[in-house]
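Comments concern the structure below.
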Amino acid sequence: MSSNIQKLIENVAAEADTTRDEPMPAGATPTRPNKSVPVAVRLAPDDVAAIEILANKLDVPVSSLLRGWILDALAAHRDESIATALDRVTADIQRLRELVA
């Protein structure tokens, strides 16, 4: 990293530290980059254990596995075309192949 960029980063960081307790400037709007909403689901302990085992086998976090399942199901209900159904079946077959490999 060039010394100019490093110096700029240090200056911005120092300014942020010095002004962190001051009110936001007029007209400034805060942003939140992650607008996802957490959702709680109750499952039987055996189901949770099975999901954890599967997530571990697939080497993905449990939350990512569940999110994928939910988004796949939503997509299936939104797009009822033959092409979409075929894509979904193809993806399911690939996942099954990965599970038995």
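A few notes on this one:
- Qualifying residue in the stretch 36-46 (condition: surrounded by 10 or more Cβ atoms within 10 Å (Cβ to Cβ) and either of a type in the set (Lys, Arg) or modelled with pLDDT of 85 or more (or both)): yes
- The single condition from (1) within 30 Å of residue 69 (Cβ to Cβ); (2) surrounded by 10 or more Cβ atoms within 10 Å (Cβ to Cβ); (3) not β-branched (Val, Ile, Thr) that residue 13 fails is (1).
- Residue match in the stretch 48-63 (condition: under 30 Å from residue 99 (Cα atoms) and either aromatic (Phe, Trp, Tyr) or touching a Pro at 6+ places or on another chain (Cβ under 8 Å) (or both)): yes
- Qualifying positions in the stretch 1-23 - in a helix (DSSP H, G or I) and not β-branched (Val, Ile, Thr): 3, 4, 6, 7, 8, 10, 11, 13, 14, 15, 16, 17
The values are calculated or read from the model by the stated rules, or taken from the named source; none is laboratory data. Note that the structure is predicted; figures quoted are calculated from it, not measured. With ideal geometry, Cβ positions are generated from the backbone for all residues, glycine too; neighbour counts draw on all protein chains shown.
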